[in-house]
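The block underneath contains the structure these notes are about, expressed in structure tokens.
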Amino acid sequence: MDEFRDAIAKITIEGTNVRGTGFLVAPDLVATALHVVADRGTEPPTFFPGTIHLEFRGHKTAAEVIPNKWNLDADCVLLRCFDPGPLAAYPAIPLRELNHSDDLFKTRGYPDAQPIDGMTWAGKVRDHAARLTNFYAMRRSAYEPVLQLFCEEAGAGTGAPPKGLSGAPIIVGSAAIGLMRFALMQDGRAVAATLYGCSARDIVALDPEKLSLRLPLAPTVLLTPEQMARLARFLITAFASNLNGLRRTVRFSLGVEAERSVTRAKDVDEFVSTLLPTLAQQGPGMISVLLRGSIAAHPADQDLCAFAKQVSPYALQPLNDDRDVQEKHDRELETKIERALIDLNRIRQTRDLHHIMASYRPDFEKTRQQIVVLAKYKELHNCLHELQKRLNQIANNVTRLKSGDNVRPYLREDANFLRNLARTARNQTVNLPAAEDEQDWIAELGACAEDMKAASLAVSVIDENVLLVPDRLTHLLPKASHINRELVDRAKNVGLNNFAETMRLVEQQLGATMAENSLNRLREGTLSVGRLRSRLAGLVSEHDEWQSLNTDLEYTKSQKKIQPQARFSSWPQFRAKLIGLCEAFPQEEWSIELKAMMKPWMADDPPPEPQLPTNIWKLNEDFDAFYKQCVERFIEVDHELNELCKKVASFETPLYSLLNE
């Protein structure tokens with residue numbers, strides 16, 4: 001849902017009390033419920049006077065109803081934006097047909113409960129092909145299919161008033177299956193938490209030349225109902241009353257969005273019963289990653305291990321802090337995805353695949369562009385890393401130059417190295433968002449190369465500039481932190497879910513005609529995409545947690561206190577976050593060592609400051625070792641994330657080929 005926030009607008013009409021919701025379905029088109037902008041009781045509808053205003057996050061524009069682009073019975077209409085320019089960067093929400101009930105949905109709009117900032121509601125599709133009778137001045141007309149929905153927020157307590165939510169997108173997975181149109185109302189509240197929606201097919205029918213409808217995505221049967229019930233029981237037993245521990249496991253295994261998909265659970269039972277259907281709906285790979293993370297947190301749980309051995313041996317692969325072990329796991333996922341993409345490329349001219357790709361083209365192109373930007377930041381990060389590795393050698397050559405040694409050949413080598421590094425970095429800024437943020441340090445890198453080159457050609461006079469090169473280069477290294485933040489932010493937003501959906505659709509449409517080995521590679525690729533996107537999202541969440549802890553650790557450098565607890569702005573908060581990470585990975589060496597180091601410091605408040613020099617020395621030594629261990633783990637997580645981003649970037653070539661027939 002988060003990726004679509006920018007595409008959702010609040011709708012108001014000048015001179016009226018009208019408020020509704022709409023969403024982008026094309027760069028200049030917004031879909032909404034017809035009754036938001038017109039009186040549907042008349043035939044034809046009577047459109048409200050006054051200018052229609054759309055308020056997106058970060059952009060406002062007026063709009064108009066497009067003549068004849070409305071459906072009275074379906075209660076939908078298309079609006080054309082007067083100022084669509086900035087909206088080109090906003091994601092239009094794809095439309096998908098739904099051919100089954102019971103899917104979970106989310107929607108976001110501007111109901112009376114939150115008309116200023118908007119809010120997200122959730123629920124379940126009770127009936128994908130319901131009937132709803134429209135009442136007009138002179139007749140009544142039954143219309144089908146419409147979406148009958150059960151909404152949690154509309155049924156919570158006395159029920160949140162849905163007025164203002166009309167026109168909001170009904171999101172299932174990566175597409176809208178329709179828009180909100182009607183609620184069974186009594187005293188301003190929804191009766192039985194029941195809402196109705198206009199189908200995506202009716203929206204597309206308003207302008208089939210500009211809008212396309214994705215094929216329905218069949219539900220994937222990952223586990224039988226009996227297996228789902230057993231897994232739920234095992235998870236509830238493993239985590240007992242530790243809801244925070246379960247949330248951490250979900251966050252570090254599947255990412256923060258998966259954790260936030262269950263917002264109001266009051267205990268482990270409710271969290272598990274809500275989470276499992278959500279993950280199952282997202283397709284293959286998600287539940288096996290949850291199981292793997294749960295076993296990592298509870299390695300001695302025989303029920304979880306036996307269940308994993310039966311249904312998903314992948315979950316028994318250890319979340320090991322050994323680089324080679326984790327690299328092998330990730331490389332296997334990468335290889336399976338690449339094989340599936342290669343097979344898709346081989347059949348890309350097939351009519352059904354061509355149709356599927358056409359409906360996903362904007363999403364795939366966006367993902368490809370995200371991967372390209374991710375690769376650019378990864379290369380910029382590598383440039384500064386290579387500079388850091390070479391810096392001591394450069395500094396040594398400059399020192400020898402100052403001492404009168406003949407180091408001109410070495411200076412020439414250093415100059416060539418720096419010039420090539422600057423050229424590589426400069427090439428990454430082409431079509432890079434916020435490229436201006438990188439220009440200064442790259443220019444300084446190039447200037448240092450020129451000074452080194454000049455020094456390598458000088459016969460006797462030493463230019464003062466070349467003596468300052470080591471310090472100038474040292475001052476560039478902190479730029480790596482900024483680039484790393486950009487890299488992490490880009491990794492958060494890489495949309496890999498359309499990979500998995502496309503592969504699932506190809507299997508649905510073409511599976512019966514595919515060679516068995518190609519079909520198996522496709523299924524393995526689908527499963528691997530689910531696991532890789534979960535691994536990436538979970539690692540980003542773990543990286544964010546370590547980044548926060550690292551900020552707290554940096555704060556301790558400026559403190560004069562000796563007791564470890566006294567060095568932090570909030571020791572209890574730092575301790576809780578670090579212990580949470582350790583408990584999510586209790587068998588890892590870093591986890592065991594950090595918990596042992598922290599054991600003497602578990603009290604919320606620090607003891608009195610030591611007075612004896614030997615005690616002061618001992619506490620400083622212990623804290624330095626603790627600090628180093630924390631930083632080393634953060635660096636290791638950072639390395640893992642960088643390597644995983646590198647693997648994601650490798651998909652750009654086959655993806656580009658798939659998009660360009």
Past the 24 Å Cα-Cα mark, which pairs from 389/628; 389/492; 10/376; 376/492; 479/628; 10/106? 389/492; 10/376
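Would you mind estimating how fast the stretch 538-648 diffuses translationally, via Stokes-Einstein at 10 °C and 1.306 mPa s with the Kirkwood radius over Cα pairs, in µm²/s? Numbers along the way, then the final one.
Values: Rh = 14.9 Å.
Diffusion coefficient, whole number: 107 µm²/s.
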Sequence-distant lysines (8 or more away, or on other chains) whose Cα lies within less than 25 Å of residue 309: 328, 336
Here are labelled values, (1) 1.22; (2) 0.99; (3) 1.03, and one is the computed Rg/Rh (Cα atoms, Kirkwood Rh) for what I pasted. Which one? (3)
Percent of alpha-carbon pairs separated by more than 18 Å within the stretch 173-265: 71
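Ratio to report: Rg/Rh of the stretch 225-317, with Cα atoms as the point set and Rh obtained by the Kirkwood method; give two decimals.
Dividing the radius of gyration by the Kirkwood radius yields 0.91.
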Considering every Cα-Cα pair within the stretch 70-129, what fraction, in whole percent, is farther apart than 14 Å? 76
Would you order 542, 609 from fewest to most other beta-carbon atoms within 10 Å of each residue's own beta-carbon? 609, 542
Whole-Hz ³J(HN,Hα) from phi, Karplus 6.51 cos²θ - 1.76 cosθ + 1.60, for the stretch 371-383, glycine and proline x: 5, 4, 5, 4, 5, 5, 5, 4, 5, 4, 4, 5, 4
Check residue 182: other-chain or 5+ apart residues with amide H under 5 Å from its amide H, H built from backbone geometry? 196
Short version: ³J(HN,Hα) in whole Hz for each residue of the stretch 533-545, in order, from phi by Karplus 6.51 cos²θ - 1.76 cosθ + 1.60 (θ = phi - 60°), x for Gly and Pro, what are they? 5, 5, 4, 5, 5, x, 5, 4, 5, 5, 4, 4, 5
Alpha carbon convex hull of the stretch 373-490, projected area averaged over orientations, nm²: 6.6
Computed for the stretch 1-216: size of charge dipole around the Cα centre, +1 on C-beta of each Lys and Arg, -1 on C-beta of each Asp and Glu, debye to nearest 20, value 180
Note to self, the chain gives a 222 nm [θ] from helices alone (DSSP H runs n ≥ 4, -39500 (n - 2.57) apiece, / all residues, nearest 500) of -17500 deg cm²/dmol
What is the set of long-range amide H partners of residue 40 at a cut-off below 5 Å, with H atoms built 1.01 Å from backbone N? none
Under Karplus coefficients 6.51, -1.76 and 1.60, residue-wise ³J(HN,Hα) of the stretch 65-79 in Hz, glycine/proline x: 6, 7, x, 6, 9, 8, 10, 4, 5, 7, 6, 9, 7, 10, 10
Where in the stretch 19-111 are there GluC sites (Glu not before Pro) that are in a DSSP coil and have at most 10 other Cβ atoms within 10 angstrom of their Cβ? none
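FYI, it's all coordinate maths here, none of it is from the lab. Keep in mind that this is a model prediction, so the values were computed, not measured. Using ideal geometry, Cβ is built from the backbone for each residue, glycine included, and neighbour counts are taken over all protein chains shown.
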